[in-house]
Structures are given as structure tokens and as C-alpha cells.
Amino acid sequence: TLLREERLQPGDRLPSERDLCTQFGVSRVTVREALRSLEAAGLVEIRLGARGGAFVTSPSSRQVGEGLADLLSLSPVTAAEVTEARLVFELGIVPLIVERATEEDLDELRALCDQHAEAIKKGTYSMEMSADFHTRVAACTHNAGIEMLVQSFHGPLLMSLREAQSVEPKMGRQGVKEHRSFVEAIAARDAEAATEIMRTHLKRTQSRVRRGRK
């Protein structure tokens, strides 16, 4: 509650185990279990030594995303619903990507495209690679909230891509070409072209998922 109400800030040290036991009227074993749970959630850092203790931290986008991913994996979400959500989300962030993508971002995206084109030639291209590309694209927004959502969506994204691939085993060939075209549209700061490329890309996946469900 103190963390949620921001009465404890990152860097603050929690009271000692003894003080926590007294404050909450519980055993030391209970306090230690609670601290381990907070540490696993990325909310506190346990430091050893004379100046050690439990210190408040800020969970990373990856940690928060993994928690959301666990919840999504247990929900009855379908591949068609995931792809529909991607159309709303991934098209919606294109303007931010066009505005904020750095030269380093573009270099890394081009490197991914090169790696994936080579994997296509070798027959080793996988849907994990496609998911990695889309995750890296979202990172070009330089928005921690968007990155957190993308991390949480990684599992459902893979599930939908694999279902689409089951309908069209060679779907990666065209997808990799579109990835590269999308990157070059971003480099040209052409939001309209980038949006149209991504829409075509996602719509094709959506049609394959739908056929796979019939």
C-alpha cells in the first residue's frame, strides 16, 4: 500500500525485519516471505552487509510486461483477437515511430532484416524472429508504457503468428520483404507509407488466421 500510494519512493530503505514484524504483528518468517515476493516482482532490492536491507526499486518494462504476459497466457484470447488488437495498436504507434526513431534504431532494424533474409535463404526463419522485429519496432517509440505492453503481448503474438504459419508455411518470405520496406519508410519519415505497409502486412496475417479458424 505504501508503494502504491507513493509514500515510499525508489531508493528508500524499508524498516528492518524486526520493525516490520512489530508493525504488522507477524513472524519474521512471514516478513521474509513478503520481501522475497516483492523482490521477485521487482519492487524491492535486497542488499546484504552492514548497510544492507530492503530498498525500494522501480520495476523495468520487461518485468511488468512479463507479469501481464502471465495473465494473458491464462486468458481465452484467440489468434484472431490478437491480430485484430495488433491492427489497432501497431498502426496507432507508427506516427511515434516515424517521429522518434533514431539512426541507431534504424541500423538495428536493418541488421535484423539482414539476419532474417539470410535465415529465409537457409530455411531457418521462425515466427520468433518476426515477433522480435515487431518488438524492436515498438521500442522505437521510446515510450516505456508502449514497451511494457509489447513485452506483455509477446506470447499471444507468437501464438497468432504460428497459427497463421500453419495455414501458409512460407508466409515469412513476403513478411521479411515488408519488414525491410517498412524500415525504409521510417527512415524516409513517411508515416503514410509506413502505415500502409504495416496495414497490408497485418491484414494478410489476419486473413490467414481467420481461414485457420474455419
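Cβ separations smaller than 6 Å between residues 6+ apart or across chains give the following pairs from the stretch 40-64 residues that are within 13 Å of Gln151 (Cβ to Cβ) and open to solvent by less than 60 Å² (accessible area, probe 1.4 Å) to residues that are at pLDDT 85 or above and outside any strand (DSSP E or B): Ser61/Ala144; Ser61/Glu147.
Does the stretch 149-167 contain any residue that is surrounded by fewer than 16 Cβ atoms within 10 Å (Cβ to Cβ), farther than 23 Å from Val77 by Cβ and of a type outside the set (Val, Ile, Thr)? Scanning the stretch 149-167, I find no residue that is surrounded by fewer than 16 Cβ atoms within 10 Å (Cβ to Cβ), farther than 23 Å from Val77 by Cβ and of a type outside the set (Val, Ile, Thr), so the answer is no. Scanning the stretch 7-29 for residues that are closer than 14 Å to Gly53 by Cα and small (Gly, Ala, Ser) yields Gly11, Ser16. Listed by first and then second residue, the pairs linking a residue in the stretch 152-167 that is closer than 20 Å to Phe89 by Cα to a residue that is among the basic types (Lys, Arg), with Cβ atoms under 6 Å apart and 6 or more places separating them unless they lie on different chains, are Ala164/Arg208. Looking across the stretch 12-39, just one residue is modelled with pLDDT under 85 and open to solvent by less than 60 Å² (accessible area, probe 1.4 Å), and that is Leu38.
Of everything in the stretch 138-148, what is open to solvent by 30 Å² or more (accessible area, probe 1.4 Å) and either of a type in the set (Phe, Trp, Tyr) or not in a helix (DSSP H, G or I) (or both)? Give them in sequence order.
Residues of the stretch 138-148 open to solvent by 30 Å² or more (accessible area, probe 1.4 Å): 142-145, 147-148.
The answer is His142, Asn143.
Residue count for the stretch 101-137 satisfying the condition of being loosely packed, with under 12 Cβ neighbours inside 10 Å and of a type in the set (Lys, Arg): 2.
The values are calculated or read from the model by the stated rules, or taken from the named source; none is laboratory data. The structure presented is a predicted model; accordingly, all values stated were derived computationally and were not measured. Don't worry about glycine lacking a Cβ; one is built from the backbone with ideal geometry, like all the others, and counts go over all protein chains shown. When the accessible area is computed, the model is the full protein with side chains, heavy atoms only, and any ligands, DNA or RNA have been set aside. Shrake-Rupley method; radii C 1.70, N 1.55, O 1.52, S 1.80 Å.
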